[in-house]
1. HN-Hα J couplings of region 67-84 from phi, Karplus 6.51/-1.76/1.60, θ = phi - 60°, integer Hz, Gly and Pro as x?
2. Go through region 13-22 residue by residue and turn each phi into a ³J(HN,Hα) via Karplus (6.51, -1.76, 1.60, θ = phi - 60°); whole Hz please, and just put x for glycine and proline.
3. What is the distance in Å between the Cα centroid of region 297-329 and that of region 96-143?
4. How high is the relative contact order of the chain? Use alpha-carbon pairs under 8 Å, at least six apart in sequence, and give a whole percent.
5. Taking H as built 1.01 Å from N, whose amide H comes closer than 5 Å to the amide H of ALA83, not counting residues under 5 places away?
6. For a test of understanding, tell me how many lysine pairs in the chain have Cα atoms under 26 Å apart, given they are 8 or more places apart or on different chains.
7. In whole Å, how far is the Cα centre of region 17-43 from that of region 232-292?
8. Using only helices, what value at 222 nm comes out for the chain when you add -39,500 (n - 2.57) per DSSP H run of length 4 or more and divide by the total residues, to the nearest 500 deg cm²/dmol?
Amino acid sequence: MGSTRPVKIAGMGYYVPPHVLTNFDLEKMIDTSDSWIVERTGIRERRLASREVSTSDLAREAALACLKDAGVSPVDIDLIIVASASPDHLFPATACLVQHAIGALNAAAFDMEIGCTGFIYALATGTQYVASGMYKNVLVVGAECLSRLVDWTDRTTCCLFGDGAGAALLAEGQPGEGILGFHLGVDGSGGNLLSLPAGCARMPASKDTLEKRLHHIHMEGKPVFKFAVKIIDSAVTKVLEKCGRSPEDIGVLIPHQANLRIIESACARFGIPRERVMVNIDKYGNTSSASVPIAMCEALAEGRIRKGDLVVLVAFGAGLSYGSAAITW
Ligand SMILES: CC(C)(COP(=O)(O)OP(=O)(O)OC[C@H]1O[C@@H](n2cnc3c(N)ncnc32)[C@H](O)[C@@H]1OP(=O)(O)O)[C@@H](O)C(=O)NCCC(=O)NCCS
């Protein structure tokens, strides 16, 4: 990475709201079935935030759990980066709301929006601040309330997404441990395949945009699926090449949880046994930029990640964007 200081993940935490919406609940709301959703996506249920809860509230809980895990006080955080495609508001930045909520009195804060790849981009950005010596403790959060953005009358998208948040604290590590490298990219020509069309400068809110339901997530599932399968392959290959490693070295693969079939195709491509690939899409659906840190936290809690393991993260999403990271745990 050309860094002057090694950077490690010093702690992690996550939070999902307690309310569970199962596929059977969805059967009562739209024309769908548990078997269709499970077969096509692997999702069985997802979590939904209650009305009074928003993205910054989920982010706050994940951040506090992360700081507890790291044993670091909020006042010692230098920077907070929140990745979200469903922020509380367009501005102020959700990171500023989190800064206030956790009492991180000495922290700078900003948001990043690059769809479901957000956590990997935020991790890469935060890493540069620690590697350069500018900051000691950088808190990176992926947080989403996608239940507020999906069109609950559109069966092709509403069954896919869920709410949640995950966080990681970046700090200086010892030589030989921590973050090895990243591979980030976009293919902006596919921007129209996954978008929230209205409500900003291009298409301000109007009676027409409301009637046409343009304030909700729009997705062309098939081309996004094809993109995801292709890009997981190249993003994992490229980050391994950059770090001088090969697929056999992967201890645990933590893919973005968008579709079980996409994850399975990655396992087949790299010949990685399923037990070395973290899958929790059945419980949470696609939580966008929260999916990788939540999956990582659960992999740690289940003892799947051991000291010295090569952990590879990979995600893709709106943009169309993609990113991967390699970490020696
Ligand atoms: C969305 C996705 C699951 C749809 O699966 P698919 O196999 O491509 O299914 P299709 O869109 O071709 O739809 C097949 C049929 O199922 C129907 N269908 C769609 N959603 C349905 C649902 N929830 N329940 C029942 N039937 C449904 C369609 O209307 C279609 O019916 P038709 O053949 O009569 O027209 C899949 O394309 C996907 O996962 N894409 C990637 C999405 C993704 O990862 N997005 C996030 C990126 S971060």
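1. 5, 4, 4, 7, x, 10, 7, x, 5, 8, 7, 8, 8, 10, 10, 10, 9, 7
2. After applying 6.51 cos²θ - 1.76 cosθ + 1.60, I find x, 8, 8, 10, x, x, 6, 9, 10, 8 Hz.
3. Their Cα centres are 17 Å away from one another.
4. Across the chain, relative contact order equals 25 percent.
5. It is MET112, VAL141, GLY142, ALA143, by chain and number.
6. Lysine pairs meeting the criterion: 25.
7. 24
8. The helix contribution divided over the chain gives -10000 deg cm²/dmol.
Every number in this text was worked out from the coordinates using simple rules, so none of it is lab data. The structure presented is a predicted model; accordingly, all values stated were derived computationally and were not measured. Backbone-built Cβ (ideal geometry, glycine too); neighbour counts: all protein chains shown.
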